[in-house]
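The values are calculated or read from the model by the stated rules, or taken from the named source; none is laboratory data. Since the model is a prediction, treat every value here as computed from it, not as a measurement. Using ideal geometry, Cβ is built from the backbone for each residue, glycine included, and neighbour counts are taken over all protein chains shown. Ligands, DNA and RNA are excluded from the accessible area calculation, which covers all protein heavy atoms including side chains. Shrake-Rupley method; radii C 1.70, N 1.55, O 1.52, S 1.80 Å.
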Amino acid sequence: MTERYVIVGASAAGSSAAETLRRHAPKAQITVVSDEKITYSKPLLSYYLAGQLGEEQLFFRAPDFYERYDIQRIHARAVGLRPEKNIVELSDGQKLQYDKLLLATGAAPRFPKVEGIRRDGVFGLRKLEDAQGILARLPNAKRAVVLGGGLVGLKVASALKERGLSVTVLVDSPHVLSQMLDESSARIFEKIFEQNGVNIYTKARPVAVLGQEKIEGVQLASGEVFECDIVVVGKGVDPSLELIEGTPIRKDYGILVDDSLRTSVENIYAAGDVAQARDVLRGEPWINALWPCAVEQGRIAALNMLGKEMSYRGSMRMNSVQFFGVPVISAGLAVLTPGPLGGRPGEHDETIESRPAPGIYRKIFLKDDTIVGFVLVGDVPIEAAGVLRILMERRVNVAPIKEELLELGPDLGRVLPLIVEHKERFVEREFQELVQTVGV
Amino acid sequence: MERLFCDPRRCVGCRACEIACAVEHTPSKDLFRSVLYGELGPPRRRVQTVGAEPYRVAIGGVALSLSCHHCDPAPCVDACITGAMHKEDGQTVCDVEKCVGCWMCVMSCPYGAITPKVKALKCDLCPDRRERTGRSRYACVEACPTEALFAGTFEEFQRVLAEPIRAVWEGAR
């Protein structure tokens, strides 16, 4: 009998899973359900908002992807799940029978508890329709307030600035990008934003969105009011768990999955921003809501759904972004100031850093001579990110090259002796080939 | 699939492959014209010193010329938010038209084989060189004066590694 695979969600994890399933199972019946009409890249929405990309440039798969891979794509919302009957119920009344199900329902913007936060004129930026809604308002908007100084908040702020608006960012934390950067590197970006005409207020606690017919401003706990015509919220995302409500699927913050990305219910898997999976740095399941993690999880979940046993190595906190032409890549928990959502105390026992020129910054966090975090700002520093990241992920003791870490370029060669020494941790074919090559 | 490998015993660290690579990726495809017109970008292949000491090459240490390994699965392909980085007949290919310079691939590549320069630049296995020139497909392999660079499968390369290196001139050390 033909295997029936159903995937709920058509973004990074869903598409990657569908593609993997088809590659390995030419005859299987593959169905992808999405409440969005088209498949596009959500991280590109801020580029679209800024006018740097058109709608047709948001596709990360060829337009004929579903036809070419013979995947049925249903535009509907999955509203019910009956694990005991292996059925997903859709908003259009259809009932889909599955042999294996992947939940890739993603996440939705988190709206803070602020009076008037749900009113017309307040937007998140998660879906194409959010971006279109913001764009439709721009002709009548002069001033914008962005709530949140995280990645999405600041991408929105720079996009709206490029569109010619006057932009103010209100940040709860003591500095911007508190989930990504340490204080010193965050200050570099605060300065870059200020220099580009974006006002940033830290430790700002908004309490109300003001206005009657239309948005007039945002009020802070201090009583201060920032006048504006549009409000955009960039306060992170929460996993979309509606579909598993009332089912025995175990959840914590997200859907809990094992290293095969299987949920607690047989035949049901989860991947992407909804899945709480192994985190290599935290040692407990976590959601790193990142595009690369979602794609990898989608692929690994699919392989396990196909019965090919494949273990997920785990994700880690990392990110790469560019603001006003200045790139930054950071990874690891040690970078974050200890706090409820940020880092944990005692993550590192040593830091080394260099700031040879304004806007160029390297900081590496170590614990017991192992890299546990880094922040790289500037065109040249970021080139070392991949090599530092793999040394961190594989927990390689870097004591022999500690003096050189800050000068490290994209040169794997310089750390190759360490990789040879720990070759059992570098199981990938390409690493093994290198080890054999230099071993002669 | 055919890939490129470097024999560390033969590599003397001359960086001829870097120059050939950089020139191959200019409009003029000519060293002197590309210097004259300012066309030279970064090479997509780099000669690296294995280990820490910068002068090990000179004292008979190990130099190695490295570029994209065309991994499968490729972390850079997973990381790409635009679909620019993709697999094509086993090769890892970047469609620079689609690249927006988010550098997710730079963060993800454990080999440091992607150069962030407005677009993500990496080894493209010289896709049109053979047809254009009638010579070797790969600029770096052709330029290597000591035949350290090798095009083929890893199994074929292993046979090369198993062969001892003999000097042609008997008086060589």
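Just a few scattered comments:
- Extension gain for B:E147-B:R10 works out to 48.6 nm (0.36 nm per residue, less the C-alpha to C-alpha distance).
- Heavy-atom accessible surface of the range B:1-150: percent carbon and sulfur, 1.4 Å: 54
- Residues whose placed amide H lies under 5 Å from that of A:Y269, excluding near-sequence neighbours: A:L101, A:L102, A:L103, A:T263
- Contour minus Cα-Cα distance for A:V380 and A:K142 (0.36 nm per residue): 82.0 nm
- What the phi angles of the range B:10-15 give under the Karplus curve with 6.51, -1.76 and 1.60, with θ = phi - 60°, is a coupling list of 8, 6, 9, x, 7, 6 Hz, glycine and proline written as x.
- Per-residue HN-Hα couplings for the range A:269-282 [Karplus 6.51, -1.76, 1.60; θ = phi - 60°; Hz; x = Gly/Pro]: 10, 9, 8, x, 5, 8, 9, 9, 10, 4, 10, 5, 8, 7
- Remark: relative contact order (chain A) = 13 percent; criterion is Cα-Cα distance under 8 angstrom and separation of 6 or more residues.
- Chain A shape via C-alpha gyration tensor axes, a/c threshold 1.5: oblate
- Pairwise centroid distance, computed over Cα atoms, of the range A:48-125 with the range A:147-200, Å: 29
- Low-density loop cleavage sites - GluC sites (Glu not before Pro) in the range A:302-394, where at most 13 other Cβ are within 10 Å (DSSP): A:E309
- At an R0 of 56 angstrom, the distance between the Cβ atoms of A:Q97 and A:Y201 translates into a FRET efficiency of 0.60.
- Each of A:S354, A:P139, A:L181 was placed along the dipole of chain A (beta-carbon charges, centred on the mean Cα), and the one lying farthest toward the positive end is A:P139.
- Point-to-point label distance, A:E284-A:D64, nm (Cα→Cβ direction, 7 Å offset): 5.0
- Taking only the Cα atoms of the range A:383-439, the ratio Rg/Rh comes out at 0.93, with Rh defined as the Kirkwood radius.
- Other-chain or far-sequence residues with amide H under 5 Å of A:G124's (modelled H): A:V233
- Helical runs (DSSP H, four residues minimum) scored at -39500 (n - 2.57) apiece and divided by the length of chain B put the mean residue ellipticity at 222 nm at -6000 deg cm²/dmol.
- Which listed pairs, of A:K155/B:K87; A:K161/A:K214; A:K42/A:K113, have C-alpha distances above 27 Å, in listed order: A:K155/B:K87
- Database remark: amide H of B:Q91 closer than 5 angstrom to no amide H (H placed geometrically; neighbours at sequence offset of 5 or more, or on other chains; Pro and chain starts carry no H).
- Between A:Y253 and B:V118, the modelled labels are 4.0 nm apart [label points 7 Å from Cα along Cα→Cβ].
- Nitroxide proxy distance, nm - points 7 Å out along Cα→Cβ at A:R23 and A:F324: 4.1
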